[in-house]
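Read-outs: derived from the displayed coordinates by stated rules, not from any lab. Everything numeric here is computed off the predicted structure, so don't read it as measured data. Heads up, the Cβs are rebuilt from the backbone with ideal geometry, glycines too, and the neighbour counts pull from every protein chain shown.
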Amino acid sequence: MLQIQEEAVSFDSHGTRCAGRIYVNSNQQSPLPCIVMANGFTGTMDWLLPEYAQRFASAGYLVLTFDYRFLGQSEGTPRQLIDITKQREDIIAAVGFIRQDGRVDRLKTALWGTSLGGGHVFYTAARIPDLAAVIAQVPAFDMVSKEARAMVHFSVAFKVKFLFAALVDWLKGLLGMSPHYMKVYGERGELAVFHGEDLRKKFQNLQSNSRFWKNQFTPRFYLNPPRYRPNEAPRAETPLLVCIAKNEVFANPEFQEKIARSLPLGTYKIYEADHFDFYHGMLSEVVEDQIAFLNKWV
């Protein structure tokens, strides 16, 4: 009988406490294969990740989820700071932490990341020894180059307002002042990353079901967005699965496929879906494919 046990944990990442949660089937014998899960843009571990983690744990994996520094239940100020360098450090620290757990087989550790976290695990995998596998779900590999740029288009006026907000926030950070926040999701006319009637209910659901997620972030992030290239890929012997949304507009699905094809053990699966469908409605199908991939390599 499956008995998924949840344990609140914490670990140190460069002097700051990161909050985490372990999911494990308490009836299984050690050592266990392990998955470390990295969330997306502003995501906290009390939303989305529990559904994935419970299914992975039911399949025999010990799973660690966590909040990046400055977000959710983790420490760090200013709050809601999106810092890609520090988030990558947090992922590496999370792997180091869970590999010290006596229940874990350190040579059977996999990384899983979604959206912005999907790009992060692609990059950090090359910097973590002895990884068994990597899953990048609707990943943000490159937010700079024309080849990989998002398919969604913003007006010139919006881009100017966005840039101004980012510069103000960067300057306030430089001066040690409180951030100049922007919304993650906003109604028509509001300055926010995401808009639209189709997303309203999804973000309302997120806010009502996540105690720690906040609809704000530091826009200075967009002055130095990630740009993960093939030469920063996981090691040649590390299997990589890229899960792609065919109707993706917040990245370029063709570029995601190109990245997967560029690696010796890279593979990909394309879904008739958009970016947010992976979090609403098709989780079972995606998890089944991901477990099959993990069982093959881990």
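The helix-based estimate of mean residue ellipticity at 222 nm for the chain, built from -39,500 (n - 2.57) per DSSP H run of four or more residues and divided by its residue count, is -9500 deg cm²/dmol to the nearest 500. Taking a Cβ cut-off of under 11 Å around Glu197, the surrounding Lys, Arg, Asp and Glu residues balance to a net charge of +2, with basic ones at +1 and acidic ones at -1.
Placing unit charges on each Cβ (+1 for Lys and Arg, -1 for Asp and Glu) gives the chain a dipole about its Cα centre, and among Gly266, Gly118, Val156 the Cα reaching farthest toward its positive end belongs to Val156. Considering only GluC sites (Glu not before Pro) in DSSP loops that have at most 12 other Cβ atoms within 10 Å, the longest stretch of the chain without any of them is 1-146. Orientation-averaged projection of the chain equals 14.8 nm² [convex hull of Cα atoms, one quarter of hull surface area]. Pairs of lysines in the chain whose Cα atoms sit within less than 20 Å of one another amount to 21, provided the residues are eight or more positions apart or on different chains.
Judged by the mean number of other Cβ atoms found within 10 Å, the most tightly packed of the peptides 201-212, 174-185 leads the ranking 174-185, 201-212. For the chain, a crude dipole built from +1 on the beta carbon of Lys and Arg and -1 on the beta carbon of Asp and Glu, taken about the Cα centre, is about 640 debye to the nearest 20.
Here, segment 256-298 yields an orientationally averaged convex hull projection of 3.5 nm² when only Cα atoms define the hull. Each Lys or Arg adds one and each Asp or Glu subtracts one; over the other residues with Cβ under 9 Å from the Cβ of Leu81, this totals +3.
Restricting the calculation to Cα atoms, segment 143-298 shows an Rg/Rh of 1.00 when the hydrodynamic-style radius is the Kirkwood one. Couplings for segment 15-26, taken from phi via the Karplus curve 6.51 cos²θ - 1.76 cosθ + 1.60 with θ = phi - 60°, read x, 10, 7, 9, 8, x, 9, 9, 10, 7, 7, 5 Hz in order; Gly and Pro are left as x. Helix 156-174 and the long axis of the chain differ in direction by around 70°, with both axes built from C-alpha atoms.
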